[in-house]
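The values are calculated or read from the model by the stated rules, or taken from the named source; none is laboratory data. Given the structure is predicted, the values throughout are model-derived calculations rather than measurements. Positions of Cβ are generated from backbone atoms using ideal geometry, with glycine treated the same way; all protein chains shown enter the neighbour counts. Areas reflect the complete protein model, heavy atoms only, side chains present, ligands, DNA and RNA absent. Shrake-Rupley method; radii C 1.70, N 1.55, O 1.52, S 1.80 Å.
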Amino acid sequence: MTGTVVEFILLLIAHAMAGIYSSTLKYTKKMTYTIWGIWILIQTILLFYTEYVLTDLKLQFFVGFVLSLVGQYVIFFMTTKGKLAQRVFTILTYSIFFCIIMSFFTMVKGTFQDLHWIFTALIQAFLLLLVVTYFIRYVCTLCRSASKNITKGWDRLIFVNIIFLITLILSSIFPIRLTNFHDPGVLAFVFLSISIMAVYPVIFSSINNMSEVAMKREVETQNKLLLAQIEAETLQLAADSQARHDRRHHNLVMLEFANHNDIESVREYLTNLVDSDRVVWGDVHYCENRTVNTILTVFERKAKEQDISVTIAAKVSRDISILPQDLVIVIANLFENAIHATSKVKNKHIDISIKESTQRLLIKIENPCRNTLIFDETLYGIGIRSVISTTNKYEGMYDFSANEGIFSAKISLNLI
């Protein structure tokens with residue numbers, strides 16, 4: 001009985017570890033540990049109940065297996081969050097791995113029947129540790145990474161898991177149950193098990209690789225469009241500046257003519273026109289660096305079109321070692337994201353600081369956001385990924401955070 005209890009508790013611990021570390025938790029780790037701990041305690045009590053109180057085999061199966069399995073699934077879905085289909089796929093994947101390991105454990109016990117329960121428990125603990133570690137550290141990691149690029153199709157993956165599960169049951173239980181390593185079907189079962197456990201990393205690695213290639217192409221296309229937009233805006237700003245310059249001279253000449261003819265109304269009209277033209281269309285100059293200045297000018301205009309006020313403090317030299325296209329990628333993407341986020345809240349204001357400091361270019365952009373916003377790196381969009389890629393190119397550092405309704409993006413790029 002002691003060996004049975006130890007083996008059962010080891011199984012429960014393995015289930016709890018898989019449930020806690022395979023998906024995103026809904027509650028704090030402390031609360032999650034408590035919930036799973038209570039479940040382990042209840043299941044242990046039920047084990048003693050089925051062994052010493054229940055005599056009906058059907059009731060023993062229902063209480064000892066069905067309730068345990070259902071309870072595990074219920075707690076898993078209760079303590080995790082995310083896409084339901086993805087979580088179903090995750091728990092079914094663990095179930096498959098668990099069936100494989102327990103089949104091997106059954107064959108070990110059947111082959112070495114004279115082993116002391118301590119050695120049997122150690123073997124079981126080793127097998128469970130092996131499969132849980134492989135499942136959590138490798139399969140789940142690849143799965144979470146791939147899930148960012150899988151918007152649909154989880155139902156098909158779930159169907160594949162069901163097929164795998166049925167195949168394992170048929171190969172290890174029906175028509176002949178595998179009870180030791182001398183059974184004729186063991187070799188086929190081993191090959192099947194290894195193939196199934198290996199197919200998940202292959203699938204998700206392929207998805208990740210293909211997604212990275214597609215993402216790279218998409219980022220490159222977006223950056224080209226962004227550069228083209230900046231260039232077009234630069235030409236437009238230059239044309240506007242020239243037109244304003246010429247128009248101002250014409251207005252001043254006309255004003256002078258009006259002054260000589262003492263036409264008060266014309267003079268007043270033209271004076272207001274010139275003053276208004278100077279206020280509205282005055283040249284914007286934030287820093288000596290032409291690229292940075294153009295980016296800030298272009299996107300500040302976009303912000304004002306959405307009634308967003310912007311505070312800009314920029315001090316960047318005319319010539320720095322960072323390529324103009326990389327400055328566009330970092331500053332324009334961050335500024336554009338800030339405008340997009342600020343347009344959805346009441347406090348429409350953006351703070352931007354760009355300066356050189358000890359051979360580094362420091363960029364900081366802050367904007368209001370929802371108080372409930374939780375910034376998860378798994379949800380990075382194309383723009384943020386492009387910023388990160390460029391930051392890494394210059395061996396820089398980045399930090400994105402949301403705190404008390406303020407989203408902050410901080411970038412540091414090496415100038416050496």
Counted charge near residue 335, where neighbours are those whose Cβ lies closer than 10 Å (Asp, Glu -1; Lys, Arg +1): -1
Classify region 306-416: rounded, prolate or oblate, from the alpha-carbon gyration tensor (a ≥ b ≥ c, eigenvalue square roots; a/c under 1.5 rounded; otherwise prolate if a/b is larger than b/c)? prolate
Roughly how much of residue 382 is accessible, in Å² to the nearest 10, using a 1.4 Å probe? 50
Please label the shape of region 133-178 as rounded, prolate or oblate, based on the square roots a ≥ b ≥ c of the eigenvalues of the alpha-carbon gyration tensor (a/c under 1.5 means rounded; beyond that, a/b larger than b/c means prolate, else oblate). oblate
Would you calculate the separation in nanometres between label points at residue 382 and residue 315, each defined as 7 Å from the Cα along the Cα-to-beta-carbon direction? 3.7
Compute the separation of the alpha-carbon centres of region 123-186 and region 30-46 and state it in Å as a whole number. 25
Area of residue 340 that stays accessible when all protein chains are in place (1.4 Å probe, Å², to 10): 110
Using alpha carbons only, how many angstrom separate the centre of region 312-373 from the centre of region 69-106? 44
Neighbours of residue 4 by Cβ distance under 15 Å: Lys/Arg at +1, Asp/Glu at -1, summed charge -1
